[in-house]
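Asker: First, the structure itself, so that you have it in front of you.
All of the numbers you see were taken from the coordinates with simple rules; none came from a lab. For clarity, every value in this text was computed on a predicted model and none was experimentally measured. FYI the Cβ positions are ideal-geometry reconstructions off the backbone, even for glycines, and counts take in every protein chain you see.
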Amino acid sequence: MQLKGRTALVTGGSRGIGRAIALALAEEGADVAVNYVSSETPAKQVVEQIRKIGRKAILAQADVADFPDTFRTAQDVLKEFGHLDILINNAGINSDKTFVKMDHASWRKVLAINLDGVFNCTKVFIDQMIKQNYGRVVNITSVIGQIGNFGQANYAASKAGVAAMTKSLAKELAAKGVTVNAVAPGFTETEMVEAIPEKVRHKLLEQIPMRRFAKSEEVARACVYLCSSDGDYITGAELSINGGLFM
Ligand code: NAP
């Protein structure tokens, strides 16, 4: 139980990688607030699963792109848990189109959720983390932010932005007991990757030295590592979980 007594919020904890992270944190002893934007039933199921593990769990509905909404939910979480130790900024979307076809709305939406969302959620908890002289912030970036991708200018920009923000915050907060790291998954078996046409999936697999996609649980274990005492001396890192796709 590496996280016994810790409290955590996972944004986008209702599905995919976020769900796996919420469950992995709970398995290690953390109480977890599960954020989602619209999928209430899956989010409730994650909460139920965490309670079965024997940990406290609450729903924390909010649109991470909406600052007042994240502020409201942060107040609810702090009221319920008393404090927050671990923030996993995982919520994210993609809206893929070549740059020529990409409209401004699609650019803004992806940046609003993937990049502004990390600002909003970190902003509403950071004072309390500094005050308690302890915090673990993990931002889920992507291999696409490191190498770029056809049809993903908005997504790649958002993730590269989060990676740069991670390093800046890590420098600002290192002496205040708060570490800030990123985990950069490669292609991971979630609805996001299931939506990729079979032909393209096949081509992607050929480019991955390990010839398989990541499991959400593999990304989740990296988050647990960074939030446990094993990761105490790590800050400003971007940990790649990509089967060798980018090295
Ligand atoms: P997913 O299965 O599509 O789940 C997305 C999650 O984000 C859901 O819980 C969703 O909530 C939540 N979300 C979306 N918009 C939100 C908003 N405005 N406010 C709050 N929550 C919101 O995605 P995933 O594949 O697990 O991806 C999770 C993270 O990993 C993302 O940041 C993604 O960019 C990153 N990533 C994924 C891969 C991959 O291959 N899958 C690779 C690299 C990085 P609802 O259920 O309520 O919609």
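Asker: Can you name the condition, by its number, that Arg15 falls short on among (1) surrounded by 21 or more Cβ atoms within 10 Å (Cβ to Cβ); (2) under 13 Å from the mean Cα position of the chain (by Cα); (3) within 14 Å of the ligand (Cβ to nearest atom); (4) of a type outside the set (Gly, Ala, Ser)?
Answerer: With (1) surrounded by 21 or more Cβ atoms within 10 Å (Cβ to Cβ); (2) under 13 Å from the mean Cα position of the chain (by Cα); (3) within 14 Å of the ligand (Cβ to nearest atom); (4) of a type outside the set (Gly, Ala, Ser) applied to Arg15, the lone miss is (1).
Asker: Here's a check for you: in the stretch 149-190, which residue that is part of a loop (DSSP other than H, G, I, E, B) and away from the ligand (no atom under 11 Å from the Cβ) is farthest from Gly244 (Cα to Cα)?
Answerer: Gly177
Asker: Let me spell it out: the conditions are (1) under 25 Å from Ser229 (Cβ atoms); (2) of a type in the set (D, E, K, R); (3) within 13 Å of the ligand (Cβ to nearest atom), and Lys44 meets all of them except one. Which number is the exception?
Answerer: It is condition (1) that Lys44 fails.
Asker: On to the next question. For residues in the stretch 47-97 being more than 14 Å from the ligand (Cβ to nearest atom) and more than 21 Å from Val137 (Cβ to Cβ), which is surrounded by the most Cβ atoms within 10 Å (Cβ to Cβ)?
Answerer: Within the stretch 47-97, the match that is surrounded by the most Cβ atoms within 10 Å (Cβ to Cβ) is Gln49.
Asker: Could you tell me which of the residues Val137, Val143, Val193 is within 12 Å of the ligand (Cβ to nearest atom), β-branched (Val, Ile, Thr) and in contact with a strand residue (DSSP E or B) (Cβ under 8 Å, 6 or more places away or on another chain)?
Answerer: None of the other options fit; the residue is Val143.
Asker: Being more than 15 Å from the chain's Cα centre (by Cα) and of a type outside the set (A, V, I, L, M) narrows it down to one residue among Tyr233, Tyr225; which is it?
Answerer: Tyr233
Asker: Continuing with this model, one more query. Only residues that are touching a strand residue (DSSP E or B) at 6+ places or on another chain (Cβ under 8 Å), within 11 Å of the ligand (Cβ to nearest atom) and part of a helix (DSSP H, G or I): list them for the stretch 199-221, please.
Answerer: Ser216, Val219
Asker: Of all residues being surrounded by 18 or more Cβ atoms within 10 Å (Cβ to Cβ) and hydroxyl-bearing (Ser, Thr, Tyr) in the stretch 135-170, which is nearest to the chain's Cα centre (by Cα)? Just the residue, please.
Answerer: The selected residue is Thr141.
Asker: Here is a further query. Which of the residues belonging to the stretch 194-221 are touching a Ser or Thr at 6+ places or on another chain (Cβ under 9 Å) and more than 21 Å from Phe150 (Cα to Cα)?
Answerer: Lys215, Ser216, Glu218, Val219, listed by residue number.
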